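First up is the structure itself, then whatever we jot down about it.
The values are calculated or read from the model by the stated rules, or taken from the named source; none is laboratory data. Just so we're clear, the structure is a prediction, and the values are computed from it rather than from any experiment. Cβ sites come from the backbone with ideal geometry, for glycine too, and all protein chains shown count toward neighbours. The area values use the complete protein model at the heavy-atom level, side chains included, leaving out ligands, DNA and RNA. Shrake-Rupley method; radii C 1.70, N 1.55, O 1.52, S 1.80 Å.
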Amino acid sequence: MALLEFKGINKVFTNRRSLTEIQHLVALEKIHFSIEQGQTLGIVGESGSGKSTLAKLLMKLEQPSQGELLLEGRDIRKWSVKELSREVQMVFQNPLSSLNPRKTIRQVIEEPLIIEGQLKSADRRKIALDLMDRVFLRKEWESRYPHELSGGQRQRVAIARALALKPKILVCDEPVSALDVSVQAQVLNLLKELQAEYKWTMLFISHDLHVVRWLCSEVLVLYFGSIMEHGRTSEVFKNPQHPYTKALLQSVPSIHLDRVAQSGLRGEIPSPYSRPAGCVFQTRCVARLPVCTQPPPHLKSAHREWFCHLPPSNLPST
Amino acid sequence: MSSPGANPYVKVQDHSITFRNQKSRGYALRNFSFTAAKGEVIGIVGESGSGKSILGLSLLGLLPESAIVDTREVILGGEKILLTSKSDLRKVRGPILGMIFQDPVNSLDPCYTIGYQLKEVLQRNPKVKNWLTEARQLLEGVGIADGERRLGSYPHELSGGLCQRVQIALALAQNPKVLIADEPTTALDVTIQKQVMELLMRKREEYDFTLILISHDLGLISQYCDRTLVLYAGEKMEEGPAVEVLRHSRHPYTRALLEALPYHDEGLLKPIPGLVPDLREMPKGCVFYGRCERQTEMCQTVKPQLTTDGTHGFFCHHPHPVKEQHGASRV
């Protein structure tokens, strides 16, 4: 049984413009995938693609409008917040605003344990200090405040706090995009090492494809609330099938590649209130066919799936 | 302001910026020099705190009162500029030096329509007869299809990518000789980043301005710049043709930055140990001392001088050997 299953999830936000007019914003549509224990799933896509909504559903900060989200085979609606927080923890993008400025870093790390309410204060302190040690924060710093630390150190405090309850799933929402390159490497190394040690399952939301390629075993490409392509990272990056994945990969500047002037994309994400019928990517796709106004077929090959009307290319015959 | 003559097109010589309060004084930029030719794209790359944004702001005279700018010579578009002279600065802003800022939505005035903001700029340009046709053409030129309608829009009604296009149009309205783009695409998605960068490149060919691209993204610099300068803690570390500097870097700092990037599939990354030094207590010798893996005692006390090897210039006592390809290349 998969640890986590998204089963046909839709999420629609309703926005009342006036007494009579209600707008519907489709944030996620027909999201269907599962994650096994110990996998690291990178979720990539532009802003407005629904990456963060996906994380919020899992944290129970939002309810799905349709479909089921199963954690260990049990509907997430049936989990209490406290039960859920033992299994799922989150690391946010901006470490300064996600740490309480009036608490010392030891208090920040201890807080989940206090809410659990099972341990005495001496035991909690010991666990917190062990965790600080684990994320390479000096124990002497326990009574420092978040503003006294550098960006990378703060993000390590946030990771230690997420680890305090030994969760099965860690959700990271752009954890390194606010950090400088040299510091980013420390935090990424730490995440990779800890993942290997604790065997947790990770959902890693990022717009940096290099980072996803380096860290994640699986990748899910989202566009405008729908899954475009999903599969093993090495396969998807080496031989992308969906035109959107191709365009994304082409857009990333790299020092080892020469510039490709063609972008493989036109225009911008359309307004969220006017979702195209059929394939949602048709308005920006350079390979658009007349048939694209129909819903795209679900195509599969070894270790991956994608949604597109175009015939598969360069795939080894199976 | 002197008339253009045998001057280089863009030249900044011994440019230092200090911030001072009652207690202490710190360098944000120290003895920084560079030159650029007409139509060239220069990349300035560095981490936060390296002084790259301060440089752009100082050339436009936009620094706060507490900053002290000390410079030997500044030449922009072939004309000598006195950064201390308010009238020089007024002449520079717009027709000589344009700037594009990082946050596209917040650097436009939220209270006025796009059309009004373009009109404000265009009416100052004596060559423009009819601002409305000019404004429409400019918006069309930066790839905004329904320009007519967008003239009546407010910045909050546009997406980040569109706002950045409007900023480019505003900068181009005065036909600047030099354009500084300070992290122009950092707030944008990669696909939009690509479109905006390609637009900037097309406009550079059309208007023939010198582009100074400030960024922390080494990939972006290598793909779009002719030459690049690597800044660290307010000092220049390495300079040369962008591809050379980034693919065959000589300075240990450039090399360390590249090795910290997740450009390979396996194994752990190599972070740079330690922290950027405090601007108030800079090391006497090389500013990278203490974090460098090639350092010796000499680096602590003796400031390295500029060394050149034909393609690169670098400030280091112990550079990496020539032409050694590094970093796992991935195609």
Q: Report the antiparallel proportion of the DSSP beta bridges in the protein assembly as shown as a percent, rounded to a multiple of 5.
A: 60 percent
Q. Tilt of helix A:151-163 relative to the longest C-alpha principal axis of chain A, in degrees (0 to 90, nearest 10)?
A. 80 degrees
**Q.** For residues of A:175-181, the mean tally of beta carbons on other chains within 10 Å
**A.** 4
Q: Select from the stretch B:260-294 all residues whose loss of accessible area on going from the chain by itself to the full protein assembly reaches 20 Å² or more (probe 1.4 Å).
A: B:260, B:261, B:262, B:263, B:265, B:267, B:268, B:269, B:271, B:272, B:275
Q) Quick one: net charge of residue A:33's neighbours, Cβ under 15 Å, K/R +1, D/E -1? A) 0
Q | Fully extended contour minus Cα-Cα distance, from residue A:97 to residue A:177, at 0.36 nm per residue | A | 27.4 nm
Q. With Cβ to Cβ distances under 12 Å as the rule, what net charge do the other residues near residue A:301 carry (K, R +1; D, E -1)?
A. 0
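State, as an integer percentage, the relative contact order of the stretch B:230-315 based on alpha-carbon contacts under 8 Å between residues 6 or more apart.
33 percent
Filter the trypsin sites (Lys or Arg not before Pro) in the stretch B:26-89 down to the DSSP loop ones having no more than 12 other Cβ atoms within 10 Å, then list what survives. Walk me through the intermediate numbers first.
Numbers: sites: B:30, B:38, B:52, B:72, B:80, B:86; in loops: B:38, B:72.
The qualifying sites are B:72.
So if I place +1 on the C-beta of Lys and Arg and -1 on the C-beta of Asp and Glu, and nothing else carries charge, what would the dipole magnitude of the stretch A:152-282 be about its Cα centre? I want it in debye, nearest 20.
240 debye
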Q. Short version: which residues of the stretch A:241-289 lose at least 40 Å² of accessible area, all chains versus chain alone, 1.4 Å probe?
A. A:251, A:253, A:255, A:256, A:257, A:259, A:268
Q) Does the protein assembly as shown classify as rounded, prolate or oblate by the C-alpha gyration tensor (a ≥ b ≥ c root eigenvalues; a/c under 1.5 gives rounded; else a/b over b/c gives prolate, otherwise oblate)? A) oblate
Q) Between A:236, A:108, A:286, which gets the highest mean-square fluctuation from a Gaussian network model of chain A, Cα cutoff 10 Å? A) A:286
Q | 14 Å beta-carbon shell around residue A:115, net charge (K/R +1, D/E -1) | A | +1
Q: Identify, among B:7, A:291, B:180, the residue whose Cα sits farthest towards the positive end of the charge dipole of the protein assembly as shown, taking +1 on the Cβ of Lys and Arg and -1 on the Cβ of Asp and Glu, with the dipole about the Cα centre.
A: B:180
Q. So which chymotrypsin sites (Phe, Trp or Tyr not before Pro) in the stretch B:72-120 end up in coil per DSSP with only 16 or fewer other C-beta atoms within 10 Å?
A. B:112
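Sort the stretch B:171-330 into rounded, prolate or oblate with this rule: let a ≥ b ≥ c be the square roots of the eigenvalues of the Cα gyration tensor; rounded if a/c is under 1.5, and if a/c is not under 1.5, prolate when a/b is larger than b/c, oblate otherwise. The partial results should precede the final answer.
Values: a/c = 1.91, a/b = 1.57, b/c = 1.22.
Because a/c hits 1.5 or more and a/b exceeds b/c, the stretch B:171-330 counts as prolate.
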Q) Roughly speaking, what is the centre-to-centre gap between the stretch A:145-184 and the stretch A:243-311 when only Cα atoms are used, to the nearest Å? A) 33 Å
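What does the buried accessible surface come to for B and A, summed over both chains, with the probe at 1.4 Å? Round to 100 Å².
On the way: alone 16490 and 16280 Å², together 29060 Å².
Separately minus together, B and A give about 3700 Å² buried.
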Q.
Running a GNM on chain A with Cα contacts under 10 Å, which residue among A:147, A:32, A:256 ends up with the highest mean-square fluctuation?
A. A:256
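Of the DSSP beta bridges with both residues in the stretch B:10-225, give the percent that are antiparallel, rounding to the nearest 5.
Values: 18 of 33 bridges.
If we restrict to bridges inside the stretch B:10-225, about 55 percent are antiparallel.
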Q.
Please report the carbon-and-sulfur percent of the accessible area for the protein assembly as shown; probe 1.4 Å, protein heavy atoms only, DNA, RNA and ligands left out.
A. 50 percent
Q: For the protein assembly as shown, report the accessible area per residue in Å² (1.4 Å probe, heavy atoms, rounded to an integer).
A: 45 Å²
Q: Pop out a list of residues from the stretch B:213-249 that are at least 50 Å² less accessible with all the protein chains around than in their chain alone; 1.4 Å probe, no ligands or nucleic acids counted.
A: B:223, B:247
Q: Measure off 7 Å from each Cα along the Cα-to-Cβ vector at residue B:149 and residue B:186, then give the distance between these two points in nanometres to one decimal.
A: 3.3 nm
